[in-house]
Amino acid sequence: MNKNLAAIYQSVVEGESSQTAKKVQEALDEGINAEVILNEGMVSAMSEVGRLFEQGEYFVPEMLISARAMQEGLSVLKPALAKAEVRSTGKVVIGTVNGDLHDIGKNLVGMMLEGAAFEVIDLGTDVPPERFVEAIKTNGAQIVAISALLTTTMNNMKGVIQAICAAGLRKNVKIIVGGAPLSADFAQSIGADGYSADASKAVALAKSLIA
Amino acid sequence: MAKKYQELAIKDPTDFLFGVSPYPVSLKNGLTIGGGKVYPEINFTLPGMGINPETMPEVRDQYAQMIGDVTKRAAELHADGFSVEYELLPDLTLNPEWGAEITKLLREKLDGLAQNEAIKTCLRVTPNDIREFSRPPLLRHGKFVDDMFRCFELCAQAGADLLAIESTGGKEIHDDAIIKGDLAASVFALGILGSRDMKFLWEKIVSICKRYDVIPSGDSACGFGNTAMVLAEQHYIPRIWAALIRVMTVPRSLVAFEEGAVGPNKDCAYEGVYIKAITGAPIALEGAEAACAHLSPIGNIAKAVPDLWSNESVQNVKLLAASAPTVSMEQLIYATRLMNKAADKGKGSALALRDLFIDSDSAGDVQAYILRPDVALDLSRQIIAEPTAYLRTRKAALAALDCFRKAQEKREITLSRVELRWLDALSRQADQLPDSEEEFIAQMRPTLDPAKVNLSEYDL
């Protein structure tokens, strides 16, 4: 691997934000293609961070530090990516259903999706169906990720999916759901395309749905 | 005038035992909690369903069925007393009349049981802290604040014996602090924000309780300590970080007692072990029989010092034997029957059983270790030696980290290489906490996002 790409990779794995930004600039100055910097330097580093997490070597706080380093690198890289018309892995609208204020799980999913180079539009918590619809239209999202942690709010997910159908957007998006009281059967029963039991599996699910 | 706890109510580990509290709580019907026996505390909730005007008839039917089933099972197993915790769902607090209606339904069933079977019962009602529906939370005024306090009042009038809450002041920044491993933000959320909010909140709750002759029981740091515990179980954060957060919740939860709460403290508040040591108030706890609600590493050790033994909460679904709440009731009755039988045989037997509960969990996880009576007494003593909630939270952090290190050296716990890396990292963060509260607040101000937290809600 090119010396600068290797340094970018290492700085993301170790969460050294300033070093990532510096090395991305050096790589661009050296004439390395922006898409190569993105994929070989940063996305592959986040994959390694994911592997370290799966192995129990890293926890979420360390992943967040790495994700922040990647964001620093991306801020330097973005103009070059736009110029080369390199697109993100996909656009995801994410939110917790109306009536539910839980957001830790949703935030973790969002963070892990960003680490895999998805563009994430986070609508927050207690999100009514019409805001999901509006965000899909505004951003041209390919995936909608809906979270719920209460037995009394999980059924509101169906309302979101119905609103997406009523707006004529169902064919445009894949819908994934998650949260402690949910199951794959429940996801299927409300018409979702996929269910993830935890944040780390959500990325693979999202990728598989838009592959 | 707020009470100030400066010395421990329980000083000797051999006096720190299930079923016995220095200051028991007696209900109007004569049931005494902490007076020598451990009673079951059953908590149940709805299956997956919405709550709205159309579904309210079904909601009533569900609660009527659950309370009917659990009281029947209690009578079948000759329970001589138990508590029911009715922990409202958010929609039932957002619509206080609905919350009170269910309280009345439960009260009537329990009164019927007392009359027909001579079983003494207790009804704990726990409205939700719905103030966080405003983002950033509006803690002292507005519709959600009004509805929450109205819910307390209506539930008190409808027949609650105890009122409790899992308040969330400071949680708006603590969630991020947990997943970032940010000790300073956690201390700020608990020792500065949470403690200030608890003072405001508990003055009001105690006043409502006095007005309606209801017992102000306590406030669980569930949204802080248990959020961390669940994330640790998912391997999202280190266990040592979750254990540290647990100890740091103690000064925050103590504020309720300084303002007039008397117990029994709520089941999901594992910091209750420390609260009992400091205040002498009885506590509820949960563990093995709460596996229906969540995984925990403290299933047996939590049985060492409770006065009520709870199942956390169980959904009303059908199991092979009966409905899940009925099954939970049976499990709680048998668990407490064992503890009470040991106590009947004398203090030596009770201590022997207590020590088996302790020894079966304490070395397995640092989160269990901090619930050891001797550890809780030692840390509690150090915490209350400090004069303010901030300094107590800071001391909780420093003392707990020191305790973890010594426990590792003595091989009383086994921390993995990765957990030890975190012990060092958290110790470095703790060493940076200033001993001046003003200096700490000034340090933290620039790091806070005004879109997430409104400091004026905390008089800052």
Q. Listed highest first by mean packing, meaning other Cβ atoms within 10 Å per residue, what order do B:135-144, B:364-373, B:386-395, B:232-241 come in?
A. B:364-373, B:232-241, B:386-395, B:135-144
Q) If you rank A:ILE104, B:ILE102 by fewest surrounding Cβ atoms within 10 Å, what's the result? A) A:ILE104, B:ILE102
Q: Identify all lysines with a Cα-Cα distance to A:LYS158 below 25 Å; exclude those on the same chain that are fewer than 8 residues away in sequence.
A: A:LYS91, A:LYS106, A:LYS137, A:LYS171, A:LYS174, A:LYS201, A:LYS207, B:LYS318
**Q.** the protein assembly as shown - Rg (one decimal) and Dmax (whole number), Cα, Å
**A.** 25.6, 87
Q: Taking 7 Å along the Cα-to-C-beta vector as the label spot, tell me the B:ARG140-A:ARG68 distance in nanometres, rounded to one decimal.
A: 3.1 nm
Q. How do A:ASP103, A:ASP185 line up, fewest other C-beta atoms within 10 Å first?
A. A:ASP185, A:ASP103
**Q.** Residue mean of other protein chain beta carbons inside 10 Å, A:52-62
**A.** 5
Q | Charge sum, other residues only, whose C-beta stays under 11 Å from B:ALA160's C-beta, Lys/Arg counted +1 and Asp/Glu -1 | A | -1
Q: Taking the convex hull of the Cα atoms, report for the range B:13-455 its projected area averaged over all directions, in nm².
A: 20.0 nm²
Q) What is the ratio of the Cα radius of gyration of the range B:340-457 to 2.2 N^0.38 Å, where N is its residue count, to two decimals? A) 1.40
**Q.** Order of B:HIS174, B:HIS78, A:HIS102 under a 10 Å beta carbon neighbour criterion, fewest first
**A.** B:HIS78, A:HIS102, B:HIS174
Q: Could you bin all the Cα-Cα distances of the range A:3-83 into 5 Å bins starting at 0 and give me the percent of pairs in each, rounded to whole numbers?
A: 3, 19, 31, 23, 13, 7, 3, 1
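Every number in this text was worked out from the coordinates using simple rules, so none of it is lab data. Owing to the predicted nature of the structure, the values given are computational and were not obtained by experimental measurement. Using ideal geometry, Cβ is built from the backbone for each residue, glycine included, and neighbour counts are taken over all protein chains shown.
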